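Have a look at the structure below before the remarks.
The values are calculated or read from the model by the stated rules, or taken from the named source; none is laboratory data. Everything numeric here is computed off the predicted structure, so don't read it as measured data. Cβ placement follows ideal geometry from the backbone for every residue including glycine, while neighbour counts extend to all protein chains displayed.
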Amino acid sequence: MSRLANRALCAVLLAATALGGTALQAQDTVATYLARIKAIDKVGPKINAVIALNPDAAKAEAAAAKVQGPLAGKVILVKDNVETADPMPTTAGSLMLKDNRTGRDAPFMTGLRAAGVIVLGKTNLSEWANMRSSFSSSGWSGIGGQTRNPHALDRSPCGSSSGSGAAVAAGLAWGAIGSETDGSITCPASLNGIVGFKPTVGMVSRTHVVPISHSQDTVGPMTTSVEDAALMLTAMAGSDPADPATAAADAHKTNFAAGLAAASLKGVRLGVLRKAVGNNPKVAALFEKALADLKAAGATLVDIQFDQSPEMGRDEYTVLLYELRTDLASYLQSLPATSFKDSPPIRTLADAIAFNKAHPEELKWFGQDSFEDAEAMTDVAVYKKARENSLRLAGRDGIDKLLADNRVSFLIAPTAAPAWAIDLVTGDHGIDVGAGNLAAIAGYPHLTVPMGAVEGLPIGLSFMGAQWDDKRVLEAGAAYERARTVPVPHPSLKRWGE
């Protein structure tokens, strides 16, 4: 392509972004998205959301043309800690796994492919799903570098599903797969101005997904609408004999998109988590507008004053450390030797720590203190006590009690703070907003829907519900989406303030 032609293509695609997320719907082909990735992900604004492209995407598109259904021909990107059978590695952002081509599909991918979904490529992420270092920049990985927020290129896309959030916001795919242990779907969805859904843990299989914690890990859809997220979840959900947490999934699986168009908030009682709003007056003012829209749509708002126990986060971290050491070893031991082409097979967390020490480019910006803490966390009694306590505080004495005592169906709050400046020197430094850790630790569903922006920076509205109440949470989010009167921002593809 000539330089003049490429400049013209950039202008067309940037104009499409300015028109919003629906601008490409009439022509959402593999070729269209590849051209868009070329124009704004690797050059121009350089969002850097896509870590690898699928060379078989065109073949998949031809096969999808024979499939009927709402997902047929939809083009998605997949977070690069999820294995797909396509000829792309699954790296978790680490140089250690740069040759990790297993030829395996994560089981939930089978449902998506059967529905006619096309895998265009993999997205960048916070390396090891942000569990290598307690001091890091969301969206940075050794393989992919730093992903940027398309609403403000010098601002964080949040993580760890940073590439998935930024890619959907920038129109690089129709939808994307993210994964979450605590906030890794909902935070990047909020900061990038899209819909993100963390299902009940166990609704979707985690087999062949690079793990942190079998207690809290899940995958979920990231899209531009609640309906699209529900369509994806319908294809993804289901029991998997290799993942015991999903034993009850088939009993709770349904058509999550059915009835969304008629879903209503009339008479629905919503618990408003006032202390989760934080101390930013502009976030508070935006939240009040969302509350007004909810009330106008017929919802009854119930103020809830709830103080989280510091024990919950403390014990959650103990659980994540212990399970990272054991679960990552199980995953690494399942990989073929060819996954480690230029080094001896790496089968344990200790091996991964040694690899990073031998490759200083991995540790250029951030260390691996979380890895080292996890390697030292071997006391099973301490772990079991921590899991029991954190689960109680988030679940039975947290969400369950708040719903029951206040006779509300869902809990709502702003999802996260406005995007903070990217800083590889001092790491992330966002302000404390939201209560998504309750849903993450309890393993309950959490949906974020755009509710507007603060100084051009998107903010999401969280809906959290009881275990297996995924469909009703999606219905509430869809009803709010229709009732919302505040405009949501479109990506500027510029630095903040320009």
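Being under 22 Å from ALA166 (Cα atoms), in contact (Cβ under 8 Å) with a residue 24 or more places away in the chain and touching a Leu at 6+ places or on another chain (Cβ under 8 Å) holds for only one residue in LEU457, LEU438, LEU461, and it is LEU457. Scanning region 260-275 for residues that are assigned to a loop (DSSP other than H, G, I, E, B) and exposed (fewer than 15 other Cβ atoms within 10 Å of the Cβ) yields LYS266, GLY267. Of the strands (runs of 3 or more DSSP E) lying entirely inside region 33-152, those carrying at least 3 residues that are over 24 Å from PHE340 (Cα atoms) are 75-79, 118-123. For GLY298, the conditions (1) small (Gly, Ala, Ser); (2) in contact with a strand residue (DSSP E or B) (Cβ under 8 Å, 6 or more places away or on another chain); (3) not in a helix (DSSP H, G or I) all hold with the exception of (2).
All of (1) basic (Lys, Arg); (2) surrounded by 22 or more Cβ atoms within 10 Å (Cβ to Cβ); (3) over 17 Å from the mean Cα position of the chain (by Cα) hold for LYS79 with one exception: (3).
Residues of region 87-127 that are under 22 Å from ALA63 (Cβ atoms) and hydrophobic (A, V, I, L, M, F, W, C): MET88, ALA106, PHE108, MET109, LEU112, ALA114, ALA115, VAL117, ILE118, VAL119, LEU120.
The residues listed here are SER160, SER156; of these, the one that is more than 25 Å from ASN100 (Cβ to Cβ) and among the hydroxyl-bearing types (Ser, Thr, Tyr) is SER156. Against the numbered list (1) surrounded by fewer than 24 Cβ atoms within 10 Å (Cβ to Cβ); (2) within 20 Å of the chain's Cα centre (by Cα); (3) part of a loop (DSSP other than H, G, I, E, B), GLU481 comes up short only at (3).
Which one is nearest to GLU127 (Cα to Cα), of the residues in region 144-164 that are among the polar types (S, T, N, Q) and surrounded by 24 or more Cβ atoms within 10 Å (Cβ to Cβ)? Looking at the filtered set, the residue picked out is SER160. Sub-7 Å Cβ pairs linking a first residue in region 285-301 that is in contact (Cβ under 8 Å) with a residue 12 or more places away in the chain and under 14 Å from ALA478 (Cβ atoms) to a second residue that is surrounded by 15 or more Cβ atoms within 10 Å (Cβ to Cβ) and among the basic types (Lys, Arg), at least 6 apart or interchain, are ASP293/ARG484, ordered by first then second residue.
If you check VAL195 against the conditions, is it among the aliphatic types (A, V, I, L, M) and either touching an Asp or Glu at 6+ places or on another chain (Cβ under 6 Å) or over 22 Å from GLY313 (Cβ atoms) (or both)? Yes: the conditions hold for VAL195.
Can you tell me which residue is surrounded by the fewest Cβ atoms within 10 Å (Cβ to Cβ) among those in region 29-55 that are among the polar types (S, T, N, Q) and touching a residue at least 12 places away in the same chain (Cβ under 8 Å)? Only one residue tops the list, namely THR29.
Listed here are the residues, each with its yes/no results for (1) of a type outside the set (Ser, Thr, Tyr); (2) at pLDDT 95 or above; (3) more than 21 Å from ILE441 (Cβ to Cβ); (4) not in a loop (DSSP other than H, G, I, E, B).
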{"residue": "SER179", "(1), (2), (3), (4)": "no, yes, no, yes"}
{"residue": "SER184", "(1), (2), (3), (4)": "no, yes, no, no"}
{"residue": "SER190", "(1), (2), (3), (4)": "no, yes, no, yes"}
{"residue": "PHE197", "(1), (2), (3), (4)": "yes, yes, no, yes"}
{"residue": "MET232", "(1), (2), (3), (4)": "yes, yes, yes, yes"}
{"residue": "GLY238", "(1), (2), (3), (4)": "yes, yes, yes, no"}
{"residue": "THR254", "(1), (2), (3), (4)": "no, yes, yes, no"}
{"residue": "ALA258", "(1), (2), (3), (4)": "yes, yes, yes, no"}
